[in-house]
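Novice: What follows is a single structure, and I will ask about it in a moment.
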2 protein chains.
Amino acid sequence: MTVFGWDSVAADGAARAGLLHTAHGDVETPVFMPVGTAATVKAMTADAVRSTGARIVLGNTYHLMLRPGAERVAALGGLHRFMDWPGPILTDSGGFQVMSLGKLRTLDAEGVTFRSHLDGTQYRLTPGRSIEIQHLLDSTITMVLDECTPFPATHAEAESSMELSMRWAARCRAAFQAREGYALFGIVQGSIFPDLREKSCMALTNIGFEGYAIGGLAVGEGQAAMFETLECTVPHLPENRPRYLMGVGTPDDLLGGVARGVDMFDCVMPTRAGRTGRAFTSRGILNMRNACHAQDPAPVDPACTCPACTKHSRAYLHHLFRCDEMLGPVLLTWHNLMYYQSLMRGMREAILDRRLQSFAEETRNGWKTDKEGKDVLF
Amino acid sequence: MTVFGWDSVAADGAARAGLLHTAHGDVETPVFMPVGTAATVKAMTADAVRSTGARIVLGNTYHLMLRPGAERVAALGGLHRFMDWPGPILTDSGGFQVMSLGKLRTLDAEGVTFRSHLDGTQYRLTPGRSIEIQHLLDSTITMVLDECTPFPATHAEAESSMELSMRWAARCRAAFQAREGYALFGIVQGSIFPDLREKSCMALTNIGFEGYAIGGLAVGEGQAAMFETLECTVPHLPENRPRYLMGVGTPDDLLGGVARGVDMFDCVMPTRAGRTGRAFTSRGILNMRNACHAQDPAPVDPACTCPACTKHSRAYLHHLFRCDEMLGPVLLTWHNLMYYQSLMRGMREAILDRRLQSFAEETRNGWKTDKEGKDVLF
């Protein structure tokens, strides 16, 4: 049996290249995890996801507890078998989506009561139930239930929210059934306040987790504040444990996150953008719906080896999106995931060679190359 | 260079196994051609289509002339390159869709004037323009422009409609530029009237085509009338040319069509059904949205080797359709195309072994096996 753990392979400044060991296989870090919300990375077969180089995906507890239900997934052999992903799966706690329900939810000291956005059915999510659901899903990496502190928050609000999350983290630790190669990750909160982030790190390391996530970022604070918060958080986390920046981000966010010592990322951005016709490329962000692509025989990204780029022109992708053909989202999601994976691989190789900074500069300069790339904002 | 042609390999009653030679490769017959309306077999990558065993696909002239336009496809290197399908492509003439536009079109002796269903732009389709468009698309098999006689029609209506189609067939033959390995197919009309079908066959064989399609069927006349019409049409077609039954059909229609001497078929049924949650299987037609599948760990079709059946449960497919996840249509289209291809392969092998009738009986009996299969009608 594999013991869950993370080994350092190389470092370049604060950036780390490493290897994550799990019950469902090893994963090279830094790593980007595609989001497979409802037991599917939207528009992609599991084989297609693997072909992009992805080795770990994320599942959403909130969506899966509503449909098809955690007990049903368990009866069908767990999430790995259900979605044809024998590799590692990280599940969130459900907290982030539930907290976003606004009037549909009520928070108390023990957990949160909410109504399904689908049919109004009432559910209750507590630290214990979140851990139980993730166990039923057979999640490789379970996340603690926390409150993602809204931004902006006063110091007092952020403190009380963080302290609630720390109490729940202890309950999650107690509820989690240890199994070889499986992990429970704690989540640092504290908004953009350095003292609260430090306190949160201390509280979590006192409990002890197999990995540490940094939550409550990418919620409107902006990239500069996010990076500053990383810089005052990461130094308080254990050297020998993986660090995961939740819900981040743009390719530029990934460059900055890795440079600041983050090992793991997840975000809907590459998949969501792919479904709406936007392509991340080595030469910038393109909108395939734009008329400038209608007659262009060039590939979306000449540097890319995905099926969209090796087999088709920009004109074809433009045509598919103009006709609302499903193959457009399929191909462009594939491309975007491939771009994200190759960016992570590039960063890992650069760390091994101690040239991450120049790699980041070259990558950022590349984004200004395409004539359309300059004008498209995300 | 390959000369276009069809060789008989074996016969079993009226049924034929053969080999079609084209500029873009050989195709075993009887063959089912998936429909790739707008330069994409909906929801499928070209690689996925190939993996089902398909070796020839169909493109729709009407859709392609509107978007992206035939001249644009030509400038981009032709339809094969545009859609990543180096194999043979058959294109229809555009007539069928244009005739279906109702008030948006006006038919005259020289052609048809119509307005795009997309933006109202006026277009004109004549025998010469239809052939030109299909040439620009670089279609391997070009179809003549005809009028698909509506059903029901009086004998007089069917006769005058058929005669118009025969005059247009001659114009198409004159307009078609012969190239090695490329073909022009004539289309038999005449509604369900044996004398008109015979006259139409004579008119077309007098002109001379590389293949003969049977049009004006599967338009409401019912399977019995369709089979009767095949029986009084096929004997008047040349033995040494491929025969193509347009727009047909259900798996049962394919069994009956092949038994009556048809070599080629196309239909949107497997792809359209796949997008709406219906599966063709060896045990009957299933609707994956039905609650009976919600907890079923069995594959959609235990006899199938497609990714939906080898990697996933009925419960997973049900979940995907309930959540409107794109992967549902992707996987079920894949499955249905695989089912159609394996049915055609089964028929070809049965013809080689002179046991087509027993193969058809076994196949039809199989469709009654699944407990849900009995109840679902198409």
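Novice: I need the shape label for chain A. Rule: rounded when a/c is under 1.5, else prolate if a/b > b/c, else oblate, with a, b, c from the alpha carbon gyration tensor. Provide the component values of the computation, followed by the final result.
Specialist: Details: a/c = 1.61, a/b = 1.36, b/c = 1.18.
It comes out prolate by the Cα gyration axes.
Novice: Ordered shortest first, which distances in nm separate the 7 Å Cα→C-beta label point of residue A:8 from those of the other copies?
Specialist: Nearest first, the other copies' label points are 7.9 nm away.
Novice: Can you grab the distance from the C-alpha centre of region A:91-111 to the C-alpha centre of region B:227-284, Å, no decimals?
Specialist: Here the two parts' Cα centres lie 54 Å apart.
Novice: Taking amide H positions as placed 1.01 Å from N in the peptide plane, with prolines and chain starts having none, which residues 5 or more places from residue A:59, or on another chain, fall under 5 Å of its amide H?
Specialist: For residue A:59, the qualifying residues are A:36, A:90, A:91, A:92.
Novice: Quote the relative contact order of region B:233-378 in percent (integer), defining contacts as alpha-carbon pairs under 8 Å separated by 6+ residues.
Specialist: On the way: 203 pairs, mean separation 37.7, N = 146.
After rounding, I find 26 percent.
Novice: Loop by DSSP (not H, G, I, E, B), at most 12 other beta-carbon atoms within 10 Å: where is the longest site-free stretch of chain B for GluC sites (Glu not before Pro)?
Specialist: Working: sites that count: B:180, B:239.
It runs B:1-179.
Novice: Can you spot the lysines whose alpha carbon is less than 30 Å from residue A:368's alpha carbon? Ignore those fewer than 8 places along the same chain.
Specialist: Those lysines meeting the cut-off are A:42, A:311.
Novice: Residue by residue through region A:67-73, which ³J(HN,Hα) values in whole Hz follow from phi under the Karplus form 6.51 cos²θ - 1.76 cosθ + 1.60 (θ = phi - 60°), with glycine and proline marked x?
Specialist: 9, x, x, 5, 4, 5, 4
Novice: Mind listing which trypsin sites (Lys or Arg not before Pro) in region A:302-378 are in a DSSP loop and have 11 or fewer other Cβ atoms within 10 Å?
Specialist: On the way: sites: A:311, A:314, A:322, A:345, A:348, A:354, A:355, A:364, A:368, A:371, A:374; in loops: A:354, A:355, A:368, A:371, A:374.
When the trypsin sites (Lys or Arg not before Pro) of region A:302-378 are filtered for loop state and at most 11 Cβ neighbours within 10 Å, A:368, A:371 remain.
Novice: Another question, if that's okay. Once each part is reduced to its C-alpha centroid, what is the distance from region B:1-35 to region A:156-221 in angstrom?
Specialist: 66
Novice: Further question: Provide, as a two-decimal number, the C-alpha radius of gyration of region A:1-125 over 2.2 N^0.38 Å, N being how many residues it has.
Specialist: Normalised by 2.2 N^0.38 Å, the Cα Rg of region A:1-125 equals 1.24.
Novice: Something else now. Compute the label-point distances linking residue B:121 to its equivalents in the other copies; points lie 7 Å from Cα along Cα→Cβ; give nm, one decimal, shortest first.
Specialist: Result for residue B:121, in nm, nearest copy first: 4.9.
Novice: Quick one: order A:55, B:16 from most to least accessible surface, probe 1.4 Å.
Specialist: From most exposed to least exposed: A:55, B:16.
Novice: Please list, ordered by chain and number, the residues whose modelled amide H lies under 5 Å from the amide H of residue B:288; skip anything fewer than 5 residues away on the same chain.
Specialist: Sorted by chain and number, the residues that satisfy this are B:278, B:279.
Novice: Right, next: Residue B:353: accessible area at probe 1.4 Å, nearest 10 Å²?
Specialist: The value for residue B:353 is about 90 Å².
Novice: Follow-up question, since we're still on this one. When only Cα pairs under 8 Å and 6 or more residues apart are kept, what is the percent relative contact order across chain A?
Specialist: 18
Novice: Taking each label point as 7 Å beyond Cα in the direction of the beta carbon, state the distances from residue A:178 to the same residue in the other copies, shortest first, in nm.
Specialist: Label-point separations across copies, in nm and ascending: 8.3.
Novice: Would you please give the residues with an amide H less than 5 Å from that of residue A:15, counting only those at least 5 places away or on a separate chain, with H modeled from the backbone geometry?
Specialist: Here the answer is A:261, since their amide H atoms fall under 5 Å of that of residue A:15.
Novice: Report residue B:305's accessible area, 1.4 Å probe, all protein chains in place, as a number in Å² to the nearest 10.
Specialist: 100
Novice: Rounded to whole Hz and in sequence order, give me ³J(HN,Hα) for region A:109-117 from the Karplus expression 6.51 cos²θ - 1.76 cosθ + 1.60, θ = phi - 60°, writing x for Gly and Pro.
Specialist: With coefficients 6.51, -1.76 and 1.60, one gets 5, 9, x, 9, 9, 8, 10, 4, 6 Hz.
Novice: In whole Hz, what ³J(HN,Hα) sequence does region A:41-58 give by Karplus (6.51, -1.76, 1.60; θ = phi - 60°), x for Gly and Pro?
Specialist: Those phi angles translate into 6, 3, 6, 10, 6, 4, 4, 5, 4, 4, 5, 7, x, 5, 10, 8, 10, 10 Hz.
Novice: Given an 8 Å cut-off on Cα distances and at least 6 residues of separation, report the relative contact order of region A:1-151 as a percent.
Specialist: 19
Novice: Further, regarding this structure: Let me make sure I get this right: for the protein assembly as shown, a, b and c are the square roots of the gyration tensor eigenvalues over alpha carbons, sorted descending. Under 1.5 in a/c it's rounded, otherwise prolate if a/b > b/c, else oblate. Which is it?
Specialist: Verdict is prolate for the protein assembly as shown.
Novice: Assign one of three labels to region A:32-86, namely rounded, prolate or oblate, based on the Cα gyration tensor with a ≥ b ≥ c the square roots of its eigenvalues; rounded applies when a/c is under 1.5, prolate when it is not and a/b is larger than b/c, and oblate otherwise.
Specialist: Here region A:32-86 falls in the prolate category.
Novice: Moving on. Can you put A:212, A:123 in order of accessible area, largest first, using a 1.4 Å probe?
Specialist: If we order A:212, A:123 from most to least accessible, we get A:123, A:212.
Novice: Suppose every K and R has +1 on its Cβ and every D and E has -1 on its Cβ; what is the size of the dipole of chain A about the Cα centre, in Debye to the nearest 20?
Specialist: Approximately 800 debye in magnitude.
The values are calculated or read from the model by the stated rules, or taken from the named source; none is laboratory data. Bear in mind the structure is a predicted one, so any value in this text is a computation, not a measurement. In this analysis, Cβ positions are derived from the backbone assuming ideal geometry, glycine residues included, and neighbour counts consider all displayed protein chains. Ligands, DNA and RNA are stripped out before the accessible areas are found, and what is left, the full protein with its side chains, is counted by its heavy atoms. Shrake-Rupley method; radii C 1.70, N 1.55, O 1.52, S 1.80 Å.
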